[in-house]
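Novice: What follows is a structure written as structure tokens; I'll ask about it next.
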Amino acid sequence: MPRYFKSALITLAAALLSVFIVINSPLSVHALMIPSELQSLPESISKAGIRVVLNDSNLCGKDALGSYFPGVDTILICQSEAQPGDSEHKWSERDYSVLMHESTHLLQDCLSGSTRDHTLVPINQTREELESYSEELTDDQVAWIIETYTEHGADDLTLWLEIEAFSTQVSAAPEVLAAAIGHTCPVL
């Protein structure tokens with residue numbers, strides 16, 4: 001089977017699964033039980049037309065804590081205190097940290113000019129910028145990101161995007177990320 005055909009099938013399968021998640025989830029960003037002082041991020045996500053799905057029974061319970069589905073307008077969060085298929089639980093610091101990470105991928109998607117083109121663009125354009133951006137990460141954390149994602153077939157661009165997302169997750173203020181999404185992403 002040609003490589004591009006296999007890639008197209010995988011993309012189609014992921015899109016169909018994401019559509020299933022969206023259809024079967026009653027939650028919207030406005031319904032999330034996130035503390036009010038942290039609401040700027042969910043509000044900017046919602047304004048960009050992105051839906052947050054929690055604790056999906058098909059995707060949670062695996063290795064992922066969350067995922068951003070470009071082109072499907074969905075961020076998935078697997079809450080730390082929940083089981084797959086559970087309704088929303090009280091948000092933990094880890095849950096909000098995962099939302100920060102996945103929202104960084106949303107920002108990277110918006111930087112391409114569209115959330116419909118399945119193209120994520122780095123926030124940082126040079127290696128020096130990335131090193132400065134990610135200085136809050138330890139060498140061990142960066143090594144773990146590279147090793148873990150490489151084991152799952154990540155290319156250099158994906159590694160770059162993940163290092164940015166982990167950096168944002170641990171060091172950015174939610175309101176700064178929210179403002180960047182609000183400034184960069186289309187309002188739907």
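The values are calculated or read from the model by the stated rules, or taken from the named source; none is laboratory data. As the structure is a prediction and not an experimental result, all values here were calculated from the model. Cβ: placed from backbone, ideal geometry, glycine included. Neighbour counts: every protein chain shown.
Novice: How many of the residues making up the range 66-77 are touching a His at 6+ places or on another chain (Cβ under 7 Å) and either within 18 Å of Leu177 (Cβ to Cβ) or acidic (Asp, Glu) (or both)?
Specialist: 3
Novice: Just one of (1) in contact (Cβ under 8 Å) with a residue 40 or more places away in the chain; (2) of a type in the set (A, V, I, L, M); (3) out of contact with any helix residue (DSSP H, G or I) (no Cβ under 7 Å at 6 or more places or on another chain) trips up Leu157, so point out which.
Specialist: (1)
Novice: Can I ask one more? Would you kindly identify the strands (runs of 3 or more DSSP E) lying entirely within the range 35-119 that contain at least 2 residues that are modelled with pLDDT of 90 or more, within 22 Å of Ala173 (Cα to Cα) and not hydroxyl-bearing (Ser, Thr, Tyr)?
Specialist: Per the criteria, 51-54, 74-77.
Novice: Among Gln125, Gln141, which is the only one that is within 30 Å of Ser46 (Cα to Cα) and of a type outside the set (A, V, I, L, M, F, W, C)?
Specialist: Only one candidate qualifies: Gln125.
Novice: Looking at the range 39-54, which of its residues are without any contact (Cβ under 8 Å) to a residue 12 or more places away in the chain and either surrounded by 24 or more Cβ atoms within 10 Å (Cβ to Cβ) or within 14 Å of the chain's Cα centre (by Cα) (or both)?
Specialist: Passing the criteria: none in range.
Novice: All but one of (1) among the charged types (D, E, K, R); (2) touching a helix residue (DSSP H, G or I) at 6+ places or on another chain (Cβ under 7 Å); (3) free of Cβ contacts under 8 Å to residues at least 24 places away in the same chain; (4) not in a helix (DSSP H, G or I) hold for Glu162; which doesn't?
Specialist: The failed condition is (4).
Novice: Go through the range 120-157 and give me each residue that's hydroxyl-bearing (Ser, Thr, Tyr) and modelled with pLDDT under 95.
Specialist: Correct list: Thr126, Ser132, Tyr133, Ser134, Thr138, Thr148, Tyr149.
Novice: Which one of Asp63, Asp73 is among the acidic types (Asp, Glu) and in contact (Cβ under 8 Å) with a residue 40 or more places away in the chain?
Specialist: Residue meeting the stated conditions: Asp73.
Novice: So in the range 78-97, with the set limited to residues that are of a type outside the set (S, T, N, Q) and touching a His at 6+ places or on another chain (Cβ under 6 Å), which one is surrounded by the most Cβ atoms within 10 Å (Cβ to Cβ)?
Specialist: Initially, the range 78-97 is screened for residues of a type outside the set (S, T, N, Q), giving 78, 81-82, 84-86, 88-91, 93-96.
Next cut, touching a His at 6+ places or on another chain (Cβ under 6 Å) only: 81-82.
On the way: Glu81: 12, Ala82: 19.
So the residue we want is Ala82.
Novice: I'd like to verify a number: residues in the range 143-158 that are surrounded by 14 or more Cβ atoms within 10 Å (Cβ to Cβ) and not hydrophobic (A, V, I, L, M, F, W, C), how many?
Specialist: 2
Novice: Is it the case that some residue within the range 103-117 is under 22 Å from Gly71 (Cα atoms), small (Gly, Ala, Ser) and in contact with a strand residue (DSSP E or B) (Cβ under 9 Å, 6 or more places away or on another chain)?
Specialist: The answer is yes, given that some residue of the range 103-117 is under 22 Å from Gly71 (Cα atoms), small (Gly, Ala, Ser) and in contact with a strand residue (DSSP E or B) (Cβ under 9 Å, 6 or more places away or on another chain).
Novice: Quick check on His118: is it on the phi > 0 side of the Ramachandran plot, touching a Pro at 6+ places or on another chain (Cβ under 9 Å) and not small (Gly, Ala, Ser)?
Specialist: yes
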